[in-house]
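Heads up: the structure comes next, in structure tokens.
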Amino acid sequence: MVGTGGPVATFSVWDYVVFAVTILGAAGIGLFQAIRGRKDSSNAEFLLGGRQMTAVPVAMSLTASFMSGITVIGTPAEAYRFGAAFWLFGFSYAIMSAITAEMFVPLFYRLQITSAYEYLELRFSRPIRIIGTTMYIVQTALYTGLVIYAPALALNQITGLDLWGVLVATGAVCILYCTLGGLKAVIWTDVLQMVIMLAGFVAVIARGAVLQGGLTKIWEDAGEGGRLDAFDFDPDPLKRHTFWSIVIGGSIMWVSIYSINQSQVQRYISCKTLGHAKMSLYVNMVGLWVTVSLAVFSGLTMYSIYKNCDPLTNKDIGMPDQLLPYLVMDILAVYPGIPGLFVAAAYSGTLSTVSSSINALVAVTVEDFILPVCRNLTEKQTAWMNMGLSVLFGALCIGMAGVASLMGSILQAALSIFGMISGPLLGLYLLGMLSRTTNSVGGLVGMIIGLVLTLWVGIGGQIYPPTDDKTNPLPLSTVGCNNTNVNHTTIAPWTSPVPTQPVVRPPLADSWYSLSYVYLSLLGMLTTMASGLIVSMMTGGCKQDKINPDLFVKKSDLLCFNWCSKSEEPELKEKEGKEFYAGGDDLPFKYPGGMMADVEKVTRF
């Protein structure tokens, strides 16, 4: 009987068919884009889709890229165990979209960059660009390994699908269409995968509503179980989720993900006009709202069904990330093919994120490491290099899945990775965009201090997880289980049962290491900016008389919204022969011919 514990059904033949068709469909889109674009194998076409993409598909790709299998599996489990506070990230998405669209998009679009880290060389110096790119590669490899491993593990233990077989298959499919189709294949595949992800959530909610007697009953059960008490205005920064931590810390965290992360930047700069680029972020905001709403309500549906028999406490499953797969096999197995659709939804999220990561890793490697050194490569050589790097990074991401298995709760671990690395990077970009005083020495020292601080807190929090009084898990019961191993109301553990919490906790464990993971980006950003400004002033600031004004945020950026513009390219003023200085370099730069070239944006003389 549904919701009373015990083993659940396994995959049927039709489930395997639906799952396989979905994965093959994703690969088919990549092959179609490869055949369609076989006449144009240029570097710009492969990495940026020829800068001819429009707002809606790019927006869906932006949403799918970070609404991964981790979101499909992790967010409902979060709502089930901790309540609907995760819904408050909707405020963060709105703030993030406005800041990214009105500050970062005009800047990157004006400079016509391919790699987001080109800006660091233009504003500071080449060593800082190399450091920024390296930080991104490490962050993306770790995150992508987590994205591949965690859903595969959860689904393996529920559905019986072979773990490493699925891991390798996932990587192989991504490598196939990334290698052959480039960014266009990634974006259009993301569109399909986004639809499948949403369909998976709708299937869970619809079936749950039928079983429980309507959506109103689900909402009432969630309220009685304390799952709707989302607005906690406690200013304590050590509490895992409060209104302030999610809206303030969460906004900075998502800005760091969308504004300077190559996977996202590469999408909106592929748009054919600045208006399309900005609009893609606002449409993406709506997509994020819809996705997180469906994910959280799926978690509330799960609580309504299991409010009297928690599968985790009852030992029916071994980790929180298996909750939603367990629910799916429990309530949807009577409809052959529907569990397969859900598994396809989880893997669609995985495919979209992995393919985005591979394409972005290729872009930064080519633009930041290879082309500055090997300037005479032909288009054919560059095309083969792009495909070879796609295979290499695909294999690397599969290999990193083993490391990711040690990270604990997948949703928090994934966001913590971004906080630890992207926060200091965001502070460096803001220093460059907003302050003319900051020089290369200050920027570099500030970023290093911010990175050391966030790594110290973040890794400490992984080793010594916060206690229940900071994470606030909600009560779960097993009184209604048929074959329960525990017959009393209890509290679910905070994280997946990976490292056992040490008996002896150092003094910092309950203070410094307990800082909410959502604040990691804010901590890194503020530390980098403060220390960077101080060091810059101590070392004389920017000594150049001329600094390229295009490297800073302009008032016109905040007002220009050229949705109706007829121009295919952003308007750039003629700068032939005019000298500008990059912020941290001693040699002047000039623009060639009034419009930046695709690869060699500026030339020294």
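Between LEU558 and LEU228, the modelled label-to-label distance comes to 3.9 nm, taking each label 7 Å out from Cα in the direction of the beta carbon.
One decimal place: the segment TRP456-ARG505 gains 16.1 nm when fully extended, by the rule 0.36 nm per residue minus the C-alpha distance.
Calculate the FRET efficiency for TRP289 and THR539 from the Cβ-Cβ distance with a Förster distance of 30 Å, rounded to the nearest 0.05. Each step should come with its number before you reach the end.
On the way: r = 45 Å, r/R0 = 1.49.
Once rounded, the FRET efficiency stands at 0.10.
Since every read-out is calculated from the coordinates, none of them should be taken as a lab result. Small disclaimer: the values here were computed from a predicted structure and weren't measured. Virtual Cβ from ideal backbone geometry, glycine too; neighbours counted across all protein chains shown.
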